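What follows is a single structure, written as C-alpha cells, with notes after it.
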Amino acid sequence: MHEDAHARTVELRTLRERVRRGPSEKATAAQRAKGKLTARERIELLLDDGTFHETQPLRRHRASGFGLEHKRPHTDGVLTGWGTVHGRTVFVYAHDFRVFGGALGEAHAGKIHQIMDMALAAGAPLVSLNDGAGARIQEGVTALAGYGGIFRRNTRASGVIPQISVMLGPCAGGAAYSPALTDFVFMVRATSQVFVTGPDVVKAVTGEDVTHEGLGGADVHAETSGVCHFAYDDERTCLEEVRYLLSLLPANNREQPPVFRPTDRPDRDGTALLDLVPADGNRAYDMRAVIGELVDDGEFMEVHEHWATNVVVGLARLDGHAVGVVANQPARLAGALDSLASEKAARFVQTCDAFNIPLVTLVDVPGFLPGVAQEHGGIVRHGAKLLYAYCNATVPRVSVVLRKAYGGAYIVMDSRSIGSDVTYAWPTNEIAVMGAEAAADVVFRRQIAEADDPDAVRAALVKEYAAELMHPYHAAERGLVDDVIDPAETRGTLIRTLAMLRTKHADLPYRKHGNPPQ
C-alpha cells in the first residue's frame, strides 16, 4: 500500500508536468512564430514569482461529435487561478491558443465562471489574458451559453472589483463583449485584434476590403473606437504596465487604493507652472506638462492617451495617495469638450468613483465644441454623461480653474455648483458665461450697431464687460471659488486639501440604480 501511494504520487507529478508543458512542442513553436508568449509565460510575467496557484488544471471537456471525443486535452484551453501582484491577491484566467485555438466550450467556460465567482467572493481584482478564437463551433449553443455566463458575471462584478482585459491575440464575435464590460482594456500592436465580425464577413456583407489589423488592431481601438485604453508594442511591456495599474487600484470597492511612502516632497517648488501656462487664453499649451509638475515624481498613467485627445484623464499619486486626474487639453481643439471627450471623461470619473479614487479636475475650457455634426451627433446627450458622472460621484473632488472656464462646459467640469468639494482658481482664471468679445456682441448688439464708430465702441464695451464680470476674483467674491491661489503652490494645496477630505462620507438617496444618459 505504501509503495502504491508512492507510485500514484509519481504518476500525478508526471501528469502535472505534462499539463504544464502544454499540448506539444509544435504548438508552442507555432505560438512563438506569431511573436506571442504562451499562456503560462504570460501569467508568470503578470504575477509575482512563484505565486500562481492553478485551479482545475486537469479539467477536460465531455463533448462528443465532430471528432471531439478523441481529443480531450487537459486544461481545455484556458488556465485559471490566483496569485499576487506586489504582494496583493489577483485572480487571472488566460486562454491557451495552443489548445483548440483558445476557443471556448462548456468546460472551458466553466473554469472561467468559477474563477470569476472566486474573485468576486474574495474581493480581489480579475485579469483576463485573452487569446482565443471565439466560441467552439463543434459544441454549438453550449459554447454561446458559456459566454452568457461570463457577461453576466462581468456585469455583476462591475464597480465591485477591478476587471482588466489584456488582449494578446484574436478576440472575435461574442467574445469581444467581455472586454467591453470590464474597466480597462490593454492591447498589443500587431498581435491582438478585437472585432465582432471579421474581415471576410465584412467583405461579404459590405464589400469593404480590410485587414485584421485595420479592422480591429490595437491602434484602431486606441485612436478611433476608444475600445482600448492602453496599447503597447510587446507583451512584456504590456503586462508590466498592467502590474503598475493594479498598484494604483484598490482590491475592491470597500477598500482604499494602496498608499506608498512618497519620494517627492509635498511642498516641492512649482514656479515652473507660471511659465508652462500662458496668461493669454488664446495660446495653446500641453496640459500633460502641467500634470507632470503637480503629481509625485511626474508619473502619470494616462488612460485613453490617443482617443478624444482634447481631454486628458489618468491616474497618478499625490503624496503617495492615488488620484484620478481629469483635465482639458488646450493643445487640442483649444480644450473644448465634444461628444467623445465627454464620454471618455465620464467613464473615467465613474471608474474612479467606483473604486474610491479621489478626483482632481484641471479646468481650461472655452466651451462645448460648436457645429452641426456635434449637435446631430448628440453632444447634448454625451455632454450630459459627464455631468451625470460628476454629480453622482461621492469621492473627494477638488477642481482648479487654470484659465478659461466658459458656459455650460465650466459647469460640467466639476464646478462648485455640481458638487466639487473644494474649488480653487489661478489668478489667470476667466470664469464667465462666454468670452468678453462674444458677450459684448450679444449684450451690446444694438448699442454697437447704432454707434458712429462701432469698432471703437465695441472695444470699449468689451473692456468694460471684462473688467466687471471676468476679473479673476469675481467667482471668489461670490463663493463659487474657495480661493485664488498662487500657481506655484498648487501641488501643496491639492495635497493638503485631499488629506482633509480623506474621511469624506457621502450617501446617495436610496434607489435601485440611476438612469444615466446613453
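The values are calculated or read from the model by the stated rules, or taken from the named source; none is laboratory data. The structure presented is a predicted model; accordingly, all values stated were derived computationally and were not measured. Virtual Cβ from ideal backbone geometry, glycine too; neighbours counted across all protein chains shown. The area values use the complete protein model at the heavy-atom level, side chains included, leaving out ligands, DNA and RNA. Shrake-Rupley method; radii C 1.70, N 1.55, O 1.52, S 1.80 Å.
A few notes on this one:
- Relative contact order %, the chain, counting alpha carbon pairs below 8 Å whose residues are six or more apart: 9 percent
- Surface share of carbon and sulfur [accessible, 1.4 angstrom probe, percent] for the chain: 54 percent
- Most positive-pole-ward Cα, 252, 273, 263, against dipole of the range 244-283 from beta carbon charges: 252
- Gyration tensor (alpha-carbon) shape descriptor, the range 126-228, a/c threshold 1.5: oblate
- Taking every C-alpha pair closer than 8 Å and separated by at least 6 residues, the mean separation divided by the residue count of the range 170-319 gives a relative contact order of 20 percent.
- Mean accessible surface per residue for the chain, computed with a 1.4 Å probe while every protein chain stays in place, in Å²: 46 Å²
- Simple spin-label estimate for residue 489 and residue 25 in nanometres, 7 Å along Cα-Cβ: 7.1 nm
- The range 449-518 versus the range 1-37: alpha-carbon centroid distance in Å: 64 Å
- Taken along its three principal axes, the alpha carbon spread of the chain comes to 106, 56, 45 Å, from the longest extent down to the shortest.
- With respect to the chain, whose longest principal axis is taken over its alpha-carbon atoms, helix 490-501 is tilted by about 70°.
- Test item: Cα-centred dipole of the range 267-395, Lys/Arg +1 and Asp/Glu -1 on Cβ, debye: 580 debye
- Dipole of the chain, positive end: most advanced residue of 119, 359, 142 [Cβ charges, Cα centre]: 142
- The phi-based Karplus calculation (6.51 cos²θ - 1.76 cosθ + 1.60; θ = phi - 60°) puts the 3J(HN,Hα) values of the range 273-278 at 4, 5, 9, 5, 10, x Hz, whole numbers, x for Gly and Pro.
- Charge dipole (debye, nearest 20) of the range 255-308; +1 at Cβ of Lys and Arg, -1 at Cβ of Asp and Glu: 80 debye
- When +1 charges are put on Lys and Arg Cβ atoms and -1 charges on Asp and Glu Cβ atoms, the dipole computed for the chain relative to its Cα centre reaches about 2380 debye.
- Lysines with Cα under 28 Å of residue 26, excluding same-chain neighbours fewer than 8 positions away: 34, 36, 71, 111
- Cross-link partners of residue 203 among aspartates and glutamates, defined as those whose alpha carbon lies under 20 angstrom from its own and excluding same-chain residues fewer than eight positions apart: 213.
- For the chain, the 222 nm mean residue ellipticity estimated from helices alone, with every DSSP H stretch of n ≥ 4 adding -39500 (n - 2.57) and the total spread over all residues, rounds to -11500 deg cm²/dmol.
- Against the chain, whose longest principal axis comes from its Cα atoms, helix 106-122 is set at around 50 degrees.
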